[in-house]
């Protein structure tokens, strides 16, 4: 890539984008060998000494660009790297093209995510949890979360039961609708999450609206980052569904805030889980309540 003349750009964001793309175009930099923000800033100061941009401002714009769906700049656990133009152009469209064909089998393949999410609730959040997608409650549509976790806290006056739920999806192709399944769980859940799978290479490219939905509706957001080739295999209808746990990683993008659920709805949901006394409560799920 030819070194850009930053004088042609008026705004700091534009200068950050052009200079960072140039720095990250080095063929030795990729998803497995990225650059830290501080390393990019250092190279910027070396490559463009006459352009005096505040380090904090540069780093902030760099972070924002990595989340912008129209930007080639991306970020992951090993730092910043550059996407191909084709990867950026395909964001949000590659799955939408065959959504009608894929949708009937979508639910079956979503189940691949459940064990990983159950383990995450148990090990990272200290809930007792299990797959509850087949449990039928009398709470109407969207009354059976994919994953449910329960935590019991002993109080002076008795026990406080906290319920957390997760609604999991294989991708973001219908997220604006899928998200409200998680919202509906707040009738009986104290914390609700919306979870989705995403290719590892574009895991930083999350729609900004998703953050707004989190803030407005009080639902946490989890991404299951899956290695690109394996993500494609899971979505390939010609191949049997399988998920290799080592090729997937869970990240909590936005935590689920505590919600005061209506007690009568909580009781009805606990009834659906066949939790009606202390014995059934402490036997629930994987992990120790």
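Could you check residue 201 against (1) without any contact (Cβ under 8 Å) to a residue 60 or more places away in the chain; (2) surrounded by fewer than 20 Cβ atoms within 10 Å (Cβ to Cβ) and say which number it fails?
Looking at each condition in turn, residue 201 falls short on (1).
Out of all the residues in region 138-150, which are buried (at least 24 other Cβ atoms within 10 Å of the Cβ) and either in a strand (DSSP E or B) or out of contact with any helix residue (DSSP H, G or I) (no Cβ under 8 Å at 6 or more places or on another chain) (or both)?
Across region 138-150, the qualifying residues are 147, 148, 149.
Would you pick out the residues in region 63-86 that are within 19 Å of residue 15 (Cβ to Cβ) and free of Cβ contacts under 8 Å to residues at least 24 places away in the same chain?
70
Return yes or no: is residue 114 farther than 20 Å from residue 209 by Cβ, modelled with pLDDT of 90 or more and outside the structural domain of residue 175 (by TED's automatic domain parsing)?
no
Condition check ((1) touching a residue at least 40 places away in the same chain (Cβ under 8 Å); (2) farther than 16 Å from residue 64 by Cβ) across all residues:
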site	(1), (2)
10	no, yes
15	no, no
20	yes, no
29	yes, yes
36	yes, yes
39	yes, yes
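Scan region 117-137 for residues that are in a helix (DSSP H, G or I) and buried (at least 19 other Cβ atoms within 10 Å of the Cβ) and jot them down.
117, 118, 120, 121 - these are the residues of region 117-137 that are in a helix (DSSP H, G or I) and buried (at least 19 other Cβ atoms within 10 Å of the Cβ).
The values are calculated or read from the model by the stated rules, or taken from the named source; none is laboratory data. Bear in mind the structure is a predicted one, so any value in this text is a computation, not a measurement. Backbone-built Cβ (ideal geometry, glycine too); neighbour counts: all protein chains shown.
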